[in-house]
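Below is one structure, written out as structure tokens; the observations come after it.
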Amino acid sequence: MMENCCYDRIELMTLHMVRKGLLGEILHAECGYLHDLREVKFSSTGEGLWRRVHSWKRNGNLYPTHGLGPVSQCLNVNRGDAFDYLVSMSSPSGGMQEYAVEKFGKDSPQAKEKFALGDVNTSLIKTKLGKTIIVIHDTNLPRPYTRINLVQGTKGIAMKWPDRVYVEGKAAKPHEWDDFEKYAAEYEHPLWKKLAQKGEGRGHGGMDYIEDYRLIQSLRTGTPMDMDVYDAAAWSAVTALSERSVAQRGKPQSFPDYTRGKWKTNPPLEIIEG
């Protein structure tokens, strides 16, 4: 329930568009965690105390949930569909080594460290209904931040970073993107409309406030949470399965069915009014 990126504005609006049928049947999604963390990883405090250790020993998709959570909701994962299997590959490792040499010197202890983590990992998930999801992990190279958040259906496509939408028959010009604002009046998510102003300045552009609001609201009313333990298990399993796939030259790895078949009958996540 603490995956805050599910509550960012564009992710919520995209989910609303999907539920209203604007994009048609959703067939494919792309997401990830693409964030230059070299300075953070080499820090002697905070996250540097554990992030770099993972990079020493592990080669896979180490942080899938930020990107995967929102698109999984659009694809009804665990609520009508489920992850079936994945394949995963990593690029070579080089970004951390070059950074260490430039920042600390070629004879420094940091420059002599060895890293197992490939600088860019790409994992491809196939769902039980045949849908596809690309999940990218990219934290060791210079780049602007993004989570990608692309959702593509039979009638259109929505994408974040940059924010843009294309809907066949509704676009201002054929084969050209529209801005999300064109659709905001009709498809702004009710949670964002109700809570965004209260969440200003309260963490990650307001999505932290909405996340906490929904958690507390669910607990107080005894209603199901927007993300449950089965979602947490499925989204997090990508890390372990990607490591196995990378180690086995991209061999497919099957997801456990944490719901024991209930994904077939669980209702899709509704558009919560708040």
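Scanning region 227-246 for residues that are surrounded by 16 or more Cβ atoms within 10 Å (Cβ to Cβ) and of a type in the set (Val, Ile, Thr) returns VAL238, THR239, VAL246.
Taking the criterion of being farther than 30 Å from ARG38 by Cβ, buried (at least 20 other Cβ atoms within 10 Å of the Cβ) and either of a type in the set (S, T, N, Q) or at pLDDT below 95 (or both), would at least one residue in region 128-145 satisfy it? No, region 128-145 contains no residue that is farther than 30 Å from ARG38 by Cβ, buried (at least 20 other Cβ atoms within 10 Å of the Cβ) and either of a type in the set (S, T, N, Q) or at pLDDT below 95 (or both).
Restricted to region 38-77, and to residues that are farther than 30 Å from ARG260 by Cα and of a type in the set (Gly, Ala, Ser), which residue is surrounded by the most Cβ atoms within 10 Å (Cβ to Cβ)? Checking each candidate, the answer is SER55.
Selection over region 95-110 of residues that are more than 21 Å from HIS35 (Cα to Cα) and of a type in the set (A, V, I, L, M, F, W, C) gives a count of 1.
Which of the residues spanning region 209-228 are in contact (Cβ under 8 Å) with a residue 24 or more places away in the chain and either of a type in the set (A, V, I, L, M) or closer than 19 Å to LEU75 by Cβ (or both)?
If the condition is that a residue be in contact (Cβ under 8 Å) with a residue 24 or more places away in the chain and either of a type in the set (A, V, I, L, M) or closer than 19 Å to LEU75 by Cβ (or both), then ILE210, LEU215, MET225, ASP226, MET227, ASP228 are the ones that fit.
Answer yes or no: is there a residue in region 57-68 that is at pLDDT below 95 and of a type in the set (Phe, Trp, Tyr). No: zero hits.
Within region 1-27, residues that are under 22 Å from LEU215 (Cα atoms) sit with their Cβ atoms under 7 Å from residues that are among the basic types (Lys, Arg) and part of a loop (DSSP other than H, G, I, E, B), at 6+ positions apart or across chains, in these pairs: CYS5/ARG147; ILE10/LYS160. Looking across region 128-144, the residues that are over 13 Å from the mean Cα position of the chain (by Cα) and either within 19 Å of ILE10 (Cα to Cα) or not small (Gly, Ala, Ser) (or both) come down to LYS128, LEU129, LYS131, THR132, THR139, ASN140, LEU141, PRO142, ARG143, PRO144.
The values are calculated or read from the model by the stated rules, or taken from the named source; none is laboratory data. Bear in mind that the values here come from a model prediction, so they are computed numbers and not experimental data. Cβ sites come from the backbone with ideal geometry, for glycine too, and all protein chains shown count toward neighbours.
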